[in-house]
């Protein structure tokens with residue numbers, strides 16, 4: 001344990017290796033701040049996670065998610081969120097990426113996007129070094145000291161005079177930070193990420209005319225939003241920061257949260273500036289929450305597109321809800337990335353991004369996400385045509401979306417090739433994650449953890465129901481394992497024996513297979529995968 005930890009509190013235990021510079025992040029004062037957050041709010045977090053599990057039992061028994069009768073007055077009430085800060089009024093293009101890669105952080109800040117979500121969550125594998133290294137990067141940025149020289153090329157990277165507005169995404173409520181134990185229990189990853197970023201930077205951010213801005217992932221209810229709001233009020237008071245200085249955007253990336261968008265905005269109304277369509281995790285959540293219901297079996301992932309069925313309904317309802325409350329409605333990620341050396345494929349990728357952004361702008365979204373700096377200009381072609389920096393004035397009162405529309409399944413085929421793609425992408429993503437990488441380019445798409453989650457839950461659902469493919473064959477565990485083995489044999493030959501043996505493929509295959517053939521759909525693959533990271537000493 002470091003001297004800082006000993007000084008802070010005898011109930012604090014750091015199990016991660018304390019490398020040079022880590023003491024400045026994990027100072028005695030910062031650790032005391034973190035311990036206070038965990039002791040005040042950790043029990044409520046665990047109770048809310050238990051409530052998710054209880055609700056899932058009802059879904060598995062056939063109950064369908066619906067709007068809450070108990071909060072009808074909030075949905076029908078006349079209220080607005082607090083005013084939006086100046087540097088968040090124009091978010092037409094946002095770029096995202098992992099916080100741990102310093103060069104990528106600088107490139108994102110310099111990309112020309114209006115804002116940049118730096119990610120401690122799905123685009124970053126939560127190794128100790130990644131999480132603390134990310135905090136160092138965020139601190140150094142606000143200290144004006146994030147310059148970087150690439151060792152291999154000697155090239156220098158510096159942040160431009162007018163960079164993107166920085167927004168931090170902490171981990172979701174379900175994730176722990178096992179390297180910091182408070183009174184014998186692992187700390188909440190959410191509170192750890194938020195707490196350190198806020199403690200070290202909030203006053204500097206405010207002094208520079210910005211503020212402590214966050215993206216909040218994977219919430220499933222307004223009660224989880226209420227917990228975040230209570231955390232914010234307490235944290236601001238502890239640091240002597242004006243209440244409401246924290247501003248957040250909430251990702252609506254779970255099916256239950258789509259039925260509580262008004263309520264989530266209401267609970268966070270002093271701190272929230274918008275909601276975002278986290279489409280990939282939303283597909284994963286849809287499968288997971290309705291997975292045992294035979295009426296909601298989805299086709300191949302490639303056919304579950306934003307313009308149709310439950311995804312289209314959720315996009316439209318999000319725009320209507322946000323604009324009614326004076327909040328931004330952010331579009332989601334187009335995962336395409338530039339294809340080097342192939343102009344035809346590159347043009348096709350750019351055209352897909354452009355079409356996706358035109359759909360979002362047409363629906364009324366105020367901005368959108370891209371995964372690569374080269375796509376900022378493509379997205380801006382579309383959102384730059386708006387009459388102003390946002391579309392808050394578009395109320396979309398013509399939209400009528402109810403329970404039926406929000407759970408309407410996509411139509412399409414289930415194919416063996418769809419299964420094979422899930423196997424290839426899912427295993428390769430998990431393998432990279434186990435090696436410490438959370439943002440992984442695969443088959444000309446930038447993938448994060450949601451990719452592997454969709455891949456394994458889609459096949460799990462097909463196996464659970466014994467679904468038939470378009471050619472009439474039934475999906476069984478045996479058939480899946482045959483396909484998986486065949487795909488992995490091909491992948492091993494393609495990558496070569498050296499790459500295979502140096503990687504984490506055996507562990508990734510085992511985890512993917514076990515979760516895909518489990519009797520019940522496991523909540524998150526990142527939970528057992530995190531245990532594997534810890535076993536490796538990460």
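Here are a few things to note about the model shown:
- Theoretical FRET efficiency, 1/(1+(r/R0)^6), r = Cβ-Cβ of residue 39 and residue 535, R0 41 Å, to 0.05: 0.90
- In the stretch 128-264, the DSSP beta bridges split such that about 55 percent are antiparallel, to the nearest 5.
- Relative contact order (%) - the stretch 390-538, alpha-carbon pairs under 8 angstrom, separation at least six: 29 percent
- The stretch 416-535, Rg to Rh (Cα coordinates; Rh as Kirkwood inverse mean 1/r): 0.95
- Per-residue packing, averaged as other Cβ atoms within 10 Å, sorts the ranges 486-492, 104-110, 330-336 into the order 330-336, 104-110, 486-492, beginning with the highest.
- Of the residues 369, 79, the one with the fewest other Cβ atoms within 10 Å heads the list, and the complete ranking is 79, 369.
- Cα shape, the stretch 412-454, gyration tensor, a/c 1.5 rule: prolate
- Normalised by residue number, the volume inside the convex hull of the Cα atoms of the stretch 93-175 is 96 Å³ per residue.
- Subtracting the Cα-Cα distance of residue 400 and residue 493 from their residue separation scaled by 0.36 nm leaves 28.3 nm.
- Note on the chain: antiparallel DSSP beta bridges, both residues inside, total approximately 35 percent of the bridges counted.
- CD proxy at 222 nm, helix term only [per DSSP H run n ≥ 4: -39500 (n - 2.57); per residue of the chain; nearest 500]: -15500 deg cm²/dmol
- Shape category assigned to the stretch 293-360 from the gyration tensor of Cα positions, a/c cut at 1.5: oblate
- Listed peptides 432-438, 499-505 by packing density, highest first (mean Cβ within 10 Å): 432-438, 499-505
- Global geometry of the stretch 284-431, whether rounded, prolate or oblate, following the gyration tensor of its Cα atoms and the 1.5 cut on a/c: oblate
- Sequence-separation-based contact order of the stretch 190-314, relative, with Cα cut under 8 Å and 6+ spacing, percent: 22 percent
- 18 Å cut-off, amide nitrogen to a point 7 angstrom out along residue 143 Cα→Cβ, residues in the stretch 9-42: 18-31
- Once both labels are positioned 7 Å from their Cα atoms along Cα-to-Cβ, the gap between residue 501 and residue 352 label points is 3.5 nm.
- For residue 207 and residue 239, a Förster radius of 22 Å and the Cβ-Cβ distance give a FRET efficiency of 0.95, rounded to the nearest 0.05.
- Relative contact order of the chain: 16 percent, from C-alpha pairs under 8 Å at least 6 residues apart in sequence.
None of the figures in this text is laboratory data; all of them are computed from the coordinates on show. Predicted model only: the values in this text are computed from it and were never measured. Don't worry about glycine lacking a Cβ; one is built from the backbone with ideal geometry, like all the others, and counts go over all protein chains shown.
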